[in-house]
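The values are calculated or read from the model by the stated rules, or taken from the named source; none is laboratory data. Please read all numbers here as calculations on a predicted model, not as lab measurements. Neighbour counts are summed over all protein chains in view; Cβ atoms, including those assigned to glycine, are modelled from backbone coordinates with ideal geometry. Accessible surface is based on the protein model in full, side chains and every heavy atom, while ligands, DNA and RNA are left aside. Shrake-Rupley method; radii C 1.70, N 1.55, O 1.52, S 1.80 Å.
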Amino acid sequence: MKLRNLFICIGLMLAIASCKKDLQSPHTPPGDTTVVQQPLPYTVVENFENGTKTAYAIANVQLSTGLWSFNDALIGSLAADVKDGNKAVRLRTGDITMKFDVKGLKQISIKHAKYGNDAASTWQLMMSTDSGATFTQLGTDIAENSTSLVTD
């Protein structure tokens, strides 16, 4: 359960990591020769390197992508924290939730692993399309049994 919530949060973070805008070409009136260039896809990455939260108590944390809620979660930098950098999110039985929306999401990538000697578990990535009022699970449950980073 701890890892499930960890991965929900990490999933949301990484979901932001690979989003792309999908804009349709605007209407061009007849005779107008203006060339409209489509915007390039963009990537949003949250690696938690710019945040600080050292206790498990619920609190909001300002990160590079925006404001996140950490519930029974912290940002750790211990040797047992499996990191891609200097910091990682560590969950017990909680979750992390983005307090902002990302539009035009096309792909989500999440790097995850279990903490230290914790038992294997499963977790889910949840998505909201109504600013967090309700959530829907994306994909199937993910088994967490590796102490090395895995990307899904």
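Data for the structure
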item: Between segment 46-88 and segment 99-129, the alpha-carbon center distance in angstrom; result: 14 Å
item: Rounded FRET efficiency, nearest 0.05, which uses the C-beta distance separating Ser77 from Asn145 and R0 of 22 Å; result: 0.45
item: Label point 7 Å beyond Cα of Gln107 along Cβ direction - residues of segment 135-152 with amide nitrogen under 16 Å; result: 151-152
item: Difference of contour (0.36 nm per residue) and Cα-Cα distance, Asp130 to Asn86; result: 12.5 nm
item: Loop-resident sites, segment 43-152, for chymotrypsin sites (Phe, Trp or Tyr not before Pro), counting at most 14 other Cβ within 10 Å (DSSP); result: Phe100
item: FRET efficiency, Leu138 to Ala57 (Cβ-Cβ, R0 22 Å, nearest 0.05); result: 0.20
item: Solvent accessible area, Å² - Lys103, 1.4 Å probe, full protein context; result: 140 Å²
item: Per-pair calculated FRET efficiency, R0 = 25 Å: Ser64 and Thr93 via Cβ, rounded to 0.05; result: 0.40
